[in-house]
Amino acid sequence: MTALPLSGVTVISVEQAVAAPFATRQLADLGARVIKVERPGGGDFARRYDTSVHGHSSYFVWLNRSKESVTLDLKNPRGRELLEDLLAGADVFVQNLAPGAAARLGLDNASLTERHTSLIPCTVSGYGTSGPWADRKAYDLLVQCQTGLVSLTGTPEETARVGVSIADISAGMYAYSGILAALYTRAMTGVARAVEVSLFEALAEWMSQPAYYTRYGGAQPARVGTQHATIAPYGAYTTADDKQVLFSIQNEREWAALCEQFLERPELTEDPRFSTGSARAAHREELNEIVTERFRRSDSGAVMKLLDGAGIANAGVNDVREFVDHPVLAERGRWHEVGVPGAVVQALQPPADLAGVSPRMAPVPAAGEHTERILTELGLTAAQIEGLHADGAI
């Protein structure tokens, strides 16, 4: 069996919620040993976000497979010492503690770099560890609001949040890629560089296109529901059987094919209201009336068949159940069994396939499940571990 790319890399994480756990789970997928440090008496509060997956949180099950869980009270001097012992043998440390908490514990990037010169520390914060908002708490929806994303999402009448934790996910992705880059740099140069990512700046990067459009175009893109704000026609329309089908026109060749083969109005190809992308966007309402009328004359199956025949990208608007049962996921073997305490669940294989390598899809741990084993690895005796339990340090 081919060794996983990060086999031999040890990651210690003092993490909670979504962003940092998403980064470390991806490291675990690639073979890193991820030791998740949790609070005694409950662990990561994301364990209690919901109870939908055999009594476990859907968030926690998604984010924490293939990890080992150890409970340490970091406010207890002995618990803090044990964390330091773990860090001495680690390659990477990841934390997303509340503003200021890491510095008070000596777990900020600067302090760790001084004590552990080969360690790659990674901080995931809300708005950065410096600057005017360094002390503010940040949760996903707050960051969606601050970056202007919510103002772009929804209908003309009402804004809406994005339906997944997009600020957390973007920050977790950049933490993951930053850690990979730091591991590569250390391997090539021997220098361990710290990584810092904020939710705000991660999502700010993803907001760059509307930022350019607004700064240089004079107005921000409009909220248009499932329509594209700057390309037309590009959106979902209702068919005769009351299903929604979304399609997209990306260029003039596709526009001509739509007019001739679907709308059955070839004269629209050269209509000055619709002959260019900018013109179609400017006359969106008139264009939508034409498209809507045509959709109402055919059921969803017929619509998609005609669009396919014209070479125009389209898709039915799925609900989550339809997504879970999607034939692409089934026929490409993307679902795999993963253990959770007391049950087994179906989990998606990581999207990046490495030739000849199967990602690790190991169980989701119970809180503190590996504490005694990990402390034994540090050289503690059973009596010492029992004493730590009695002291509340673990």
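Give, as residue ranges, the helices (runs of 4 or more DSSP H) completely inside segment 291-394 that count at least 2 residues that are more than 24 Å from PHE60 (Cβ to Cβ) and not assigned by TED's automatic domain parsing to the domain that holds GLN261.
Correct list: 327-331, 371-377, 382-391.
Hey, could you check segment 244-256 for residues that are without any contact (Cβ under 8 Å) to a residue 60 or more places away in the chain and closer than 20 Å to GLN227 by Cβ and say which is nearest to the chain's Cα centre (by Cα)?
Pass one, segment 244-256, residues without any contact (Cβ under 8 Å) to a residue 60 or more places away in the chain: 251-256.
Now drop any that are not closer than 20 Å to GLN227 by Cβ, which leaves 251-252, 254-255.
Working: ASN251: 31, GLU252: 35, GLU254: 33, TRP255: 34 Å.
This residue is ASN251.
Checking the conditions here, which among LEU105, LEU82, LEU87 is touching a residue at least 24 places away in the same chain (Cβ under 8 Å), in the same structural domain as PHE22 (by TED's automatic domain parsing) and surrounded by 20 or more Cβ atoms within 10 Å (Cβ to Cβ)? Give the steps one after another, and end with the answer.
Numbers: LEU105 fails: surrounded by 20 or more Cβ atoms within 10 Å (Cβ to Cβ); LEU87 fails: surrounded by 20 or more Cβ atoms within 10 Å (Cβ to Cβ).
Sole residue among the options that is touching a residue at least 24 places away in the same chain (Cβ under 8 Å), in the same structural domain as PHE22 (by TED's automatic domain parsing) and surrounded by 20 or more Cβ atoms within 10 Å (Cβ to Cβ): LEU82.
Consider SER275 against the criteria (1) touching a residue at least 40 places away in the same chain (Cβ under 8 Å); (2) assigned to a loop (DSSP other than H, G, I, E, B): it satisfies all of them except one. Which criterion is unmet?
Going through (1) touching a residue at least 40 places away in the same chain (Cβ under 8 Å); (2) assigned to a loop (DSSP other than H, G, I, E, B) one by one, SER275 breaks only (1).
Residue check: is VAL317 in contact (Cβ under 8 Å) with a residue 40 or more places away in the chain and either surrounded by 17 or more Cβ atoms within 10 Å (Cβ to Cβ) or of a type in the set (Lys, Arg) (or both)? Show your work before the answer.
On the way: in contact (Cβ under 8 Å) with a residue 40 or more places away in the chain: yes; either surrounded by 17 or more Cβ atoms within 10 Å (Cβ to Cβ) or of a type in the set (Lys, Arg) (or both): no.
The answer is no for VAL317.
Out of the residues in segment 1-18 that are among the polar types (S, T, N, Q) and over 29 Å from GLY42 (Cα atoms), which is surrounded by the fewest Cβ atoms within 10 Å (Cβ to Cβ)? Walk me through it before giving the result.
At the first step, the residues of segment 1-18 found to be among the polar types (S, T, N, Q) are 2, 7, 10, 13, 16.
Then keep just the ones that are over 29 Å from GLY42 (Cα atoms); that gives 2, 7.
Numbers: THR2: 10, SER7: 12.
The residue in question is THR2.
For ARG215, only one of the following conditions fails: (1) of a type in the set (D, E, K, R); (2) within 29 Å of the chain's Cα centre (by Cα); (3) surrounded by 15 or more Cβ atoms within 10 Å (Cβ to Cβ). What is its number?
Condition not satisfied by ARG215: (3).
Which numbered condition in (1) closer than 25 Å to LEU6 by Cβ; (2) in contact with a strand residue (DSSP E or B) (Cβ under 7 Å, 6 or more places away or on another chain) is the only one that ILE169 fails?
(2)
What are the pairs, 6+ residues apart or on separate chains, where a residue within segment 48-59 that is in the same structural domain as VAL345 (by TED's automatic domain parsing) has its Cβ under 8 Å from a residue that is aliphatic (A, V, I, L, M) and assigned to a helix (DSSP H, G or I)?
Qualifying pairs under 8 Å: VAL53/VAL61; SER57/ALA46; TYR59/ALA46.
I'm told GLN95 meets every condition in (1) over 23 Å from ARG47 (Cα atoms); (2) buried (at least 20 other Cβ atoms within 10 Å of the Cβ) except one. Can you identify the failing condition by its number?
Against the list (1) over 23 Å from ARG47 (Cα atoms); (2) buried (at least 20 other Cβ atoms within 10 Å of the Cβ), GLN95 comes up short only on (1).
The values are calculated or read from the model by the stated rules, or taken from the named source; none is laboratory data. This is a predicted model, so every value here is computed, not measured. A quick note on method: Cβ atoms are made from the backbone with ideal geometry, for glycine too, and the neighbour counts reach across all protein chains shown.
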